[in-house]
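K.L.:
One structure, pasted below without further comment.
The values are calculated or read from the model by the stated rules, or taken from the named source; none is laboratory data. This one's a predicted model, so the numbers in the text were calculated from it and none came from an experiment. Cβ placement follows ideal geometry from the backbone for every residue including glycine, while neighbour counts extend to all protein chains displayed.
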Amino acid sequence: MFTRSTLSLVAAFFLAAAPASAQQNTLGPKTASVRIQQVQVAFIGSGQLGGGTLNFRGRSYGITAGGLGVGGIGASRLTATGSVYGLTRREDFAGAYVQLREGWALGDQGKGRLWLRNSNGVTMRLDTRRQGLQLSLGADGVLIGFK
C-alpha cells in the first residue's frame, strides 16, 4: 500500500512533468508569492537551510525553510522566487512539503526550478538562481514555518 507521502511525491512528479500552461490551469489562480534563500549541500544525500518571505493578501511574513533529501553533488547558495497556488489561509502555508528539483550551479551562474506541495493543497512553483558548484536532481522533504 502506498503511504500519503509516496502518493504526494508521485503527484508532484507528474505536476512537474506537465507543461507550464497546463500546470497553471490545473492549479488555479496565483494566490501569493514567495522568496526563499537557502544554502544547499549535497553528496548523494542533500540538506538545505534558509528562510525568506511570503507575500499574501498585501502582507509580508518571514518564513524558515529547511530539509533533507536525496540526489545531487556539491554546494550552492540558492535564491528562489515564484508563485503560490491554493493558499486560502496563511496557516495552510506552514508544514511539510515534497520538493522536486532540477538545476545546476557553476560559480555565480546557475538556474533551476522547484516544485513544492504540502498536504494542505498549497503548491509553489519557484525559479531558482544558484551560486556555487552543484549538480542537483532529486526529491526532498522541506519543512516550512513562520519566524
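K.L.:
Restricting attention to region 58-69, which residues are more than 16 Å from GLY112 (Cβ to Cβ) and either modelled with pLDDT under 90 or buried (at least 16 other Cβ atoms within 10 Å of the Cβ) (or both)?
P.N.:
TYR61, ILE63, GLY66, LEU68
K.L.:
Give the number of residues within region 70-92 that are modelled with pLDDT of 95 or more, out of contact with any helix residue (DSSP H, G or I) (no Cβ under 8 Å at 6 or more places or on another chain) and assigned to a strand (DSSP E or B).
P.N.:
Total meeting the criteria: 4.
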